[in-house]
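I have placed the structure first, in the form of C-alpha cells, so that the comments after it can refer back to it.
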Amino acid sequence: QVQLVESGGGLVQAGGSLRLSCAASGRFFSSYAMAWFRQAIGKEREFVAAISGSGGSTYYGDSVKGRFTISRDNAKNMVYLQMNSLKFEDTAVYYCAAGRLSGATMPGVYGYWGQGAQVTVSS
C-alpha cells in the first residue's frame, strides 16, 4: 500500500515557475515508478511526466518537454515536478501516481493516486 499527498500548487503568472511535491508513505518506495498527471476542467486526465524507481529514467508528455522536470528522492520518499515557463494551458489539477510499470503513460496502469493539487496559471 502506498499513500500519496501532493503539495505546492497555487496561482502563478504565465512565464513563472512552480514546484509540486508528492510525499509517499509505505514501504519499498524505490520499487515504484512514479508519475504526474493533470486534468483540466472538461478534459481527460493527461500524462505529464514519469520517473523510474531508481530515478535513472524520465519520460515527458509532448506538451511539457523542455519546461517541466520530474525528480525523486528515495531517501525521503518524495517526488517532485519542477514547472518552468508556465502557460495558461497548464492550468489543471495535478495528480501524483505510483505504479509498477516504468514509463507508463496511461492512467489505468497506476494503482495509487494522490488527492490532487490545483495549479492555476493566469495569462
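The values are calculated or read from the model by the stated rules, or taken from the named source; none is laboratory data. Everything numeric here is computed off the predicted structure, so don't read it as measured data. Cβ: placed from backbone, ideal geometry, glycine included. Neighbour counts: every protein chain shown. Side chains included, ligands, DNA and RNA excluded: accessible areas come from the protein's heavy atoms. Shrake-Rupley method; radii C 1.70, N 1.55, O 1.52, S 1.80 Å.
Overview of values
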{"item": "Extreme residue, most open to solvent (accessible area, probe 1.4 Å), among residues of the stretch 58-76 that are outside any strand (DSSP E or B) and under 17 Å from residue 97 (Cβ atoms)", "result": "74"}
{"item": "Tally of residues being closer than 20 Å to residue 9 by Cα and outside any loop (DSSP other than H, G, I, E, B) across the stretch 107-123", "result": "8"}
{"item": "Condition met for residue 12 (assigned to a loop (DSSP other than H, G, I, E, B) and in contact (Cβ under 8 Å) with a residue 12 or more places away in the chain)", "result": "no"}
{"item": "Of all residues in the stretch 18-38 being open to solvent by 60 Å² or more (accessible area, probe 1.4 Å) and touching a residue at least 24 places away in the same chain (Cβ under 8 Å), the one that is farthest from residue 123 (Cα to Cα)", "result": "30"}
{"item": "Neighbours by Cβ (under 6 Å, 6+ apart or cross-chain): first from the stretch 103-119, over 11 Å from residue 50 (Cβ atoms); second open to solvent by 60 Å² or more (accessible area, probe 1.4 Å)", "result": "107/45; 114/5"}
{"item": "Unmet criterion (only one of (1) closer than 19 Å to residue 5 by Cα; (2) open to solvent by 40 Å² or more (accessible area, probe 1.4 Å); (3) in a loop (DSSP other than H, G, I, E, B)) for residue 102", "result": "(1)"}
{"item": "Counted residues, the stretch 83-99 - those being out of contact with any Leu (no Cβ under 8 Å at 6 or more places or on another chain) and either open to solvent by less than 60 Å² (accessible area, probe 1.4 Å) or part of a helix (DSSP H, G or I) (or both)", "result": "9"}
